[in-house]
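The values are calculated or read from the model by the stated rules, or taken from the named source; none is laboratory data. Everything numeric here is computed off the predicted structure, so don't read it as measured data. Cβ: placed from backbone, ideal geometry, glycine included. Neighbour counts: every protein chain shown.
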Amino acid sequence: IAEKCASNMEPYLGLRYPASDIPQQARALYKRSLLRLIADVDGEISPIIPSSSPSGEPLDLSLAVTRSVSPIHLEYLRNMNVGASMSVSILKDGELWGLFACHHNSPHYVDYERRTAIELFAQFFSYELLQKSEQQIRKEEYQSRQMHDHLMVKLSSGEDLYEGFETLADELAEIIECNGLAVYSGGRFIARGMTPTREEFLGLARFLNTVPTAQIYATENLASIYPAADSFTDRATGVLAVPISRTPRDYIVFFRQEMVKSVKWAGNPEKPVSLGPNGARLTPRKSFAAWQEVVRGTSAAWTKSDKRSAEALRVSLIEVVLKLSDEANLERRKAAEKQELLIAELNHRVRNILNLIRGLVSQSKSGATDMSSYTELLDGRIQSLARAHDQLTREEWSPSPLRELIDVEVNAFIRDDSGAMIVNGDNPMLSPEAFSTMALVIHELVTNSAKYGALKSRSGTVAVDLDIDGDGSLKLTWKESGGPAVKAPTRRGFGTTIIEKTIPHELKGTVSTRYLVTGFEAEIMIPSSHITAGSLSPKVRDDTVATTESTAPKHLLGEVLVVDDNMIIALDACDILSDFGATETHMAGTVEDALDVIKHGNIAFAVLDVNLGSQTSLPIAQKLLEQNIPFVLATGYGDTEAIINAYPPAHIVKKPFTAETLLREVNAT
């Protein structure tokens, strides 16, 4: 590190000495006895008498100031032309860090007082050395914390090592000096500076995988351990690899280029062993003239500081990876729980719907006189539920306006000679549960009025008042006037049961009905738990309701193709189209089958279900468009805007469709 010598003495600064010049036993003595004085290398040596203790053990003279030294060491000093020597140990953390080596070209004695002062100075020096080392370590720890915090923020926000490589490379290069840097993560490779190519790195990664896990790997001469590295020695010879995952093994790797250097030795460090005057032992070399060695294939050494920083980086990235892994596992668990909940809820709702349909099928028989009237009753009630479901879907299953429900139901039955419907008062929003219930009730009220009451006559009027009371409950008043004279029913059918019983049973509300001669009246109360107030908005006419336009086909359809992955729905559509003019109907459940029918048939019109399970009917629609064959799209999705944007222009009929709604869209095509 430093040297001061008289002008007549040979300097040794800058020369390297082999580690064997100070044997291990000598190093151990330097730690026990901090100061060692040899006042005269040619001084008389006196034997110890007796040479053994009373127990027969050799005497321990490790701490004796007057202890002589090995004759080999004395010969070593004579070969260096040294007449006297004093060594002072520099200790760090209890280990030998270095020496103050003092030489004199003639015998020289250092008295006790000076030796004590020198020993105290060495202790102060060791203390300062320790402080400097700890200060450096604290600086590195601070940089590591800064790096850790930055990586946690950067990577925890979703940006991975690959995406943020350029910024990361700049920051890491400031901490660990290197000529090149590479990241290998998730099978992706990105590098900057002097590094191997991707193909070369993949081989290196396989070699690194043989290194024990959970530790960094550093070498200044990679080719000596991994021969394949010879192919990129011109770019990288030193490697500091930081594993950042366990399985699969991902890495951040620092590279250093070859540093051709000349090492000056104090004599030939590889001198042969020879027999000397001390017998068959290694004789100290007689020449300490500078001996130069050119070292190739190595890089600058990775320092302890470099390795500490790399280890801190490894721990930080592992922490980030574990944190992200924990977050991903938590998200997967939440998603799985949510999926289970959705499946359970879907199963519950489907079962409820099936039970409801079963009940409608069974109970609608009581109000029908023949099969035609039974079909009309059942179909109307199912369509009412479908319209309510569409409206709830548009509102994302949140509270929906009762006014719109009334408007949709009325428009489904309005005719040119029908009476008027007037709705006054507030704009209550119904909860999804109440909305489905009220859909059936309003449907029955409207159909009864259209068949027997005010809506049957042009002069008739139905007045509906909606009033939200102070306690939040809704009072709905239904009054009919101007229609035919009203007679109370002689028996209670299923429609009357729906009006009078469902609200008390399902919503815990109340219903009272009066069959006055001047017109039917009803008062309905729905509790506040199902009601929220909404703002008034223009009435919306549902695109699935009936219009006054005739559903009779404008022209014969010829051959018709019906594409649906549900055979029963396809059969129903075929029957409807056959009854209204189709000469022949073809069914297909897949894109391939439909395209085959189009290729070999003479199709004049088609009805396409949008969703065919694992497929969509888009390729079929495009083929029909190419051949100028008109078609209608059928869908159970409430939101049709996305379908309109994806498909060629076409009319859309919503499921479940009726003969009326399907044929209306056929005529509009």
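Residue 437 is checked against (1) farther than 22 Å from residue 515 by Cα; (2) of a type outside the set (Phe, Trp, Tyr); (3) at pLDDT below 85; (4) in a helix (DSSP H, G or I) and fails just one. What number does that condition carry?
Condition (3) is where residue 437 drops out.
I'd like the full set of residues that are among the small types (Gly, Ala, Ser) and more than 41 Å from the chain's Cα centre (by Cα), limited to segment 564-602. Even if it seems obvious, please write down each step before you answer.
Going through segment 564-602, the residues among the small types (Gly, Ala, Ser) turn out to be 570, 573, 578, 581-582, 588-589, 594, 601.
Of everything in segment 564-602, those that are among the small types (Gly, Ala, Ser) and more than 41 Å from the chain's Cα centre (by Cα) turn out to be 570, 573, 578, 581, 582, 601.
Do the conditions hold for residue 30, that is, is it loosely packed, with under 14 Cβ neighbours inside 10 Å and touching a strand residue (DSSP E or B) at 6+ places or on another chain (Cβ under 7 Å)?
Details: loosely packed, with under 14 Cβ neighbours inside 10 Å: no; touching a strand residue (DSSP E or B) at 6+ places or on another chain (Cβ under 7 Å): yes.
It is false that residue 30 is loosely packed, with under 14 Cβ neighbours inside 10 Å and touching a strand residue (DSSP E or B) at 6+ places or on another chain (Cβ under 7 Å).
Quick check on my filter: what residues within segment 595-623 are in contact with a Gly (Cβ under 9 Å, 6 or more places away or on another chain) and not in a strand (DSSP E or B)? Quick ask: steps written out before the conclusion?
Kept after step one, since they are in contact with a Gly (Cβ under 9 Å, 6 or more places away or on another chain), are these residues of segment 595-623: 602-605, 609-613.
Within segment 595-623, 602, 610, 612, 613 meet the criteria.
For segment 151-201, name all the residues that are more than 22 Å from residue 298 (Cα to Cα), modelled with pLDDT of 80 or more, of a type in the set (A, V, I, L, M) and surrounded by fewer than 19 Cβ atoms within 10 Å (Cβ to Cβ).
Result: 190, single match.
Given the structure, is residue 605 more than 39 Å from the chain's Cα centre (by Cα) and modelled with pLDDT under 90? Explain how you work it out, then say what you get.
Working: more than 39 Å from the chain's Cα centre (by Cα): yes; modelled with pLDDT under 90: no.
Answer is no for this residue.
Look at residue 506 and say whether it is among the acidic types (Asp, Glu), touching a helix residue (DSSP H, G or I) at 6+ places or on another chain (Cβ under 6 Å) and modelled with pLDDT under 90.
Details: among the acidic types (Asp, Glu): yes; touching a helix residue (DSSP H, G or I) at 6+ places or on another chain (Cβ under 6 Å): yes; modelled with pLDDT under 90: yes.
Yes; evaluated as a whole, the condition is true for this residue.
If you take the residues of segment 221-255 that are polar (S, T, N, Q) and touching a helix residue (DSSP H, G or I) at 6+ places or on another chain (Cβ under 8 Å), which of them is surrounded by the most Cβ atoms within 10 Å (Cβ to Cβ)?
237
I need a count of the residues in segment 444-474 that are under 58 Å from the mean Cα position of the chain (by Cα) and part of a loop (DSSP other than H, G, I, E, B).
Start the filter on segment 444-474 by keeping residues that are under 58 Å from the mean Cα position of the chain (by Cα), which leaves 444-450, 462-474.
With the extra rule that they be part of a loop (DSSP other than H, G, I, E, B), the set shrinks to 469-473.
Of the residues in that region, 5 qualify.
Going through 461, 447 one at a time, which residue ends up being crowded, with 16+ Cβ neighbours inside 10 Å, at pLDDT 90 or above and farther than 15 Å from residue 400 by Cα?
On the way: 447 fails: at pLDDT 90 or above.
After ruling out the rest, the residue left standing is 461.
Can we say residue 597 is assigned by TED's automatic domain parsing to the domain that holds residue 568, in contact (Cβ under 8 Å) with a residue 24 or more places away in the chain and under 18 Å from residue 669 (Cβ atoms)?
Numbers: assigned by TED's automatic domain parsing to the domain that holds residue 568: yes; in contact (Cβ under 8 Å) with a residue 24 or more places away in the chain: yes; under 18 Å from residue 669 (Cβ atoms): no.
No: the conditions fail for residue 597.
Select, from 41, 88, 69, the only residue that is outside any strand (DSSP E or B), of a type in the set (Val, Ile, Thr) and closer than 30 Å to residue 127 by Cα. First the steps, then the outcome.
Values: 41 fails: closer than 30 Å to residue 127 by Cα; 88 fails: outside any strand (DSSP E or B).
69 is the lone residue from the list that is outside any strand (DSSP E or B), of a type in the set (Val, Ile, Thr) and closer than 30 Å to residue 127 by Cα.
Condition test on residue 39, is it within 18 Å of residue 107 (Cβ to Cβ) and hydrophobic (A, V, I, L, M, F, W, C)?
yes
If you take the residues in segment 1-38 that are part of a helix (DSSP H, G or I) and of a type outside the set (A, V, I, L, M), which one is nearest to residue 100 (Cα to Cα)?
Step one: list which residues in segment 1-38 are part of a helix (DSSP H, G or I), which gives 19-21, 24-32.
Checking the rest, the ones that are also of a type outside the set (A, V, I, L, M) come to 20-21, 24-25, 27, 30-32.
Working: 20: 18, 21: 16, 24: 18, 25: 19, 27: 14, 30: 11, 31: 13, 32: 15 Å.
Ranking the qualifying residues of segment 1-38, first place goes to 30.
Go over the candidates 464, 511, 446 one by one and state the one that is farther than 23 Å from residue 382 by Cβ and touching a residue at least 12 places away in the same chain (Cβ under 8 Å). Break it down into steps so the answer makes sense when it comes.
On the way: 511 fails: farther than 23 Å from residue 382 by Cβ; 446 fails: farther than 23 Å from residue 382 by Cβ.
The match here is 464.
Do you know which residues across segment 56-77 are of a type in the set (A, V, I, L, M, F, W, C) and either in contact (Cβ under 8 Å) with a residue 24 or more places away in the chain or touching a Gly at 6+ places or on another chain (Cβ under 6 Å) (or both)?
We begin by selecting, within segment 56-77, every residue of a type in the set (A, V, I, L, M, F, W, C); these are 59, 61, 63-65, 69, 72, 74, 77.
Those that are of a type in the set (A, V, I, L, M, F, W, C) and either in contact (Cβ under 8 Å) with a residue 24 or more places away in the chain or touching a Gly at 6+ places or on another chain (Cβ under 6 Å) (or both): 63, 65, 69, 72, 74, 77.
Scan 493, 534 and give me the residue that is under 18 Å from residue 426 (Cα atoms), out of contact with any His (no Cβ under 6 Å at 6 or more places or on another chain) and modelled with pLDDT under 90. Even if it seems obvious, please write down each step before you answer.
Details: 493 fails: under 18 Å from residue 426 (Cα atoms).
Answer to the check: 534.
Answer yes or no as to whether residue 12 is in the same structural domain as residue 106 (by TED's automatic domain parsing) and among the aromatic types (Phe, Trp, Tyr).
Values: in the same structural domain as residue 106 (by TED's automatic domain parsing): no; among the aromatic types (Phe, Trp, Tyr): yes.
For residue 12, the condition - in the same structural domain as residue 106 (by TED's automatic domain parsing) and among the aromatic types (Phe, Trp, Tyr) - is not met.
Any residue in segment 560-577 that is farther than 17 Å from residue 618 by Cα and touching a His at 6+ places or on another chain (Cβ under 9 Å)? Spell out how you get there, then give the answer.
The first filter runs over segment 560-577 and keeps only residues farther than 17 Å from residue 618 by Cα, leaving 560, 566-577.
From what is left, the residues that are touching a His at 6+ places or on another chain (Cβ under 9 Å) are 560, 574.
The answer is yes, given that some residue of segment 560-577 is farther than 17 Å from residue 618 by Cα and touching a His at 6+ places or on another chain (Cβ under 9 Å).
Filtering segment 575-585 down to residues that are surrounded by fewer than 21 Cβ atoms within 10 Å (Cβ to Cβ) and either of a type in the set (Phe, Trp, Tyr) or touching a strand residue (DSSP E or B) at 6+ places or on another chain (Cβ under 7 Å) (or both), which residue is modelled with the lowest pLDDT?
580
Step by step: first the residues of segment 576-594, then only those that are part of a loop (DSSP other than H, G, I, E, B) and free of Cβ contacts under 8 Å to residues at least 40 places away in the same chain, then the one that is farthest from residue 625 (Cα to Cα). Which residue is that? Break it down into steps so the answer makes sense when it comes.
Taking segment 576-594 first, the residues part of a loop (DSSP other than H, G, I, E, B) are 580-581, 589-590.
Now restrict to residues that are free of Cβ contacts under 8 Å to residues at least 40 places away in the same chain: 581, 589-590.
On the way: 581: 22, 589: 19, 590: 18 Å.
The selected residue is 581.
Where the second residue is not aromatic (Phe, Trp, Tyr) and the first is surrounded by fewer than 16 Cβ atoms within 10 Å (Cβ to Cβ) and lies in segment 479-502, which pairs have Cβ atoms under 6 Å and are six or more apart or on separate chains?
485/517
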